[in-house]
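For reference, the structure is listed below as structure tokens.
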Amino acid sequence: MNKDVLEFIAEYKLDPQHFFDANGQTLTSDVKEQMRNEEKIFAFNTTACNKGHHIKSRSGHCIVCEPKNIHFTLINFNEGFVYIAASIKGSVIKIGSTNNIEKREKYLNEKKGYGNFNDWKILHYLKCPKMGYHEDNIQRTLERYREKDIPYYIGTELKYSNEMFRISYQKAYSTFEEYFTGKNFQSKQIERDLSKYKFMNLPK
Ligand SMILES: [Zn+2]
């Protein structure tokens, strides 16, 4: 690590262990995969941003230009809840994470709702360390059912949803069971009737 990187780490009180040496490479999906495997959150020696910085979050954003991405990225590595929500209107499942499970359902249904649906119900959740890490892994397991870049509005702000999946609750639930098997994380099944949310599994 050069002086600039060390100063940056010190300034934001970050953990050097979370940094990956990109060796001048672009953060391709292969490099990101390697970072995930090594549990690295940030990369240094990356290709330069527009302003010539070489420090990025794993999602590929320059964290020198936009330090708010540091906070956003780190929250994902905190303890929190990974959940399954369902919208009957959309016949879709959402896999998400939050540090406030009590308020999450309300937020999902605010304004016109997440992904244009406002009848979300959280059906199951699990408390775990590094919630963003587990959320990401589960979503990637279900990648071929993912609805990508669906535009929706929260008030006047245009957003894109990437966390909706064309699967049944049964499938989401069994994916969680399988993924978290042997890990003793506290979980809560709010909806026990799997048949209520028998949506079609529609791979791309
Ligand atoms: Zn930059």
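The values are calculated or read from the model by the stated rules, or taken from the named source; none is laboratory data. Only a predicted model underlies this, so the values are computations on that prediction, with no experimental measurement involved. Cβ placement follows ideal geometry from the backbone for every residue including glycine, while neighbour counts extend to all protein chains displayed.
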Residue in segment 44-60 that is under 30 Å from Ser174 (Cα atoms), aliphatic (A, V, I, L, M) and in a strand (DSSP E or B) present: no
Phe20 being within 21 Å of the chain's Cα centre (by Cα), more than 16 Å from the ligand (Cβ to nearest atom) and either touching a residue at least 24 places away in the same chain (Cβ under 8 Å) or part of a helix (DSSP H, G or I) (or both): yes
Residue list for segment 136-170, restricted to those being buried (at least 19 other Cβ atoms within 10 Å of the Cβ), over 23 Å from Phe77 (Cβ atoms) and among the aliphatic types (A, V, I, L, M): Met164, Ile167
Filter pass, Ser87 being hydroxyl-bearing (Ser, Thr, Tyr), over 21 Å from Leu6 (Cα atoms), in contact with a Gly (Cβ under 9 Å, 6 or more places away or on another chain) and more than 16 Å from the ligand (Cβ to nearest atom): yes
In segment 1-39, residue farthest from Ile63 (Cα to Cα) [restricted to those that are surrounded by 13 or more Cβ atoms within 10 Å (Cβ to Cβ) and of a type in the set (Lys, Arg)]: Arg36
Residue check for Tyr160: in contact (Cβ under 8 Å) with a residue 12 or more places away in the chain and of a type in the set (Phe, Trp, Tyr): no
Selection count, segment 176-204, where residues are over 18 Å from Trp120 (Cβ atoms) and assigned to a helix (DSSP H, G or I): 4
Qualifying residues in segment 44-80 (those that are β-branched (Val, Ile, Thr) and within 9 Å of the ligand (Cβ to nearest atom)) - the one farthest from Ser29 (Cα to Cα): Val64
Per-region count, segment 107-140, residues of a type outside the set (A, V, I, L, M), closer than 28 Å to Asn184 by Cα and more than 13 Å from the chain's Cα centre (by Cα): 7
Residue match in segment 23-37 (condition: within 16 Å of the ligand (Cβ to nearest atom), at pLDDT below 90 and in a helix (DSSP H, G or I)): no
